[in-house]
Amino acid sequence: MSDARGLLLTPGAGGGADHRTLVDIETALTDRMPVRRHDFAYRRAGRRAPPRAENVVDELLEDLRKIAAELGMPPAGMFLGGRSFGGRVCSMAVAAGAPAAGLVLLSYPLHPPERPERLRSAHFGQITVPCLFISGTRDPFATPDELREHTSALAGPVTLRFIDGARHDPNTIAARRAVVKHVENWLDGLEG
């Protein structure tokens, strides 16, 4: 992880960069690396509903260059990730060629609830960076078995971690602490 010195976190579709889990991760990693929580343009404009994920990828590519420059590092030195929609957009950006040290994907929305046939994983084979997926065992957007099956298509190393009993949003303090611990442990593993 020698060239990885920052983390860019993006929110879920209906949330903002001030989501509790993203704030918790930033707080925990403050002494370790710069962390930037980042809202997409539709949220900055006051809209709750995002455009199609594909439309946000180009925006993220542009924003990544600016944020990396502000932090004084190359984009390839940053981990990208976020919750749900935000993590999906980051994964699509990396699959499209965005430089990154790895992906931190929280509550990845593998499919809409009760629609497992509408997979959001076609781009997985183009991802070669290390990936951390953290999901609740009761998340209606992806069961643990579904994540195990479909993340096998990723070309890079994959780490799966599950929060027992959690749904799509880890809304308890214990669940959020578990998410933070998984992120810290994964980063430690990459350093080792």
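Read-outs: derived from the displayed coordinates by stated rules, not from any lab. All of these numbers come straight from a predicted model, not from anything done at the bench. Don't worry about glycine lacking a Cβ; one is built from the backbone with ideal geometry, like all the others, and counts go over all protein chains shown.
Every helix of 4 or more DSSP H residues in the chain counts as -39500 (n - 2.57), and over all residues that averages to -11500 deg cm²/dmol at 222 nm. Applying a DSSP loop filter and a limit of 11 other Cβ atoms within 10 Å to the GluC sites (Glu not before Pro) in the range 100-192 leaves GLU114, GLU117. Take 69-77, 36-44 and order them by the average number of nearby Cβ atoms within 10 Å per residue, most first; the result is 36-44, 69-77.
Between LEU9 and ARG36, ARG37, HIS38, the built amide H atoms are under 5 Å apart, and every one of these is 5 or more places off in sequence or on another chain. Seen through its C-alpha gyration tensor, with square-root eigenvalues sorted a ≥ b ≥ c, the chain comes out rounded because a/c lies under 1.5. Using R₀ = 30 Å, calculate the FRET efficiency as 1/(1 + (r/R₀)^6) where r is the Cβ-Cβ separation of ASN185 and ARG52; round to 0.05. So, using R0 = 30 Å, E works out to roughly 0.30.
A cut-off under 15 angstrom between Cβ atoms defines the neighbours of PRO112, and their net charge, with Lys, Arg +1 and Asp, Glu -1, is +2. Projecting the Cα atoms of THR159, ASN185, ALA69 onto the dipole axis of the chain, where Lys and Arg carry +1 and Asp and Glu carry -1 at the beta carbon, places ALA69 farthest toward the positive end. Near the amide H of VAL158, within less than 5 Å, lie the amide hydrogens of CYS131, all on another chain or at least 5 residues away, with H placed in the peptide plane.
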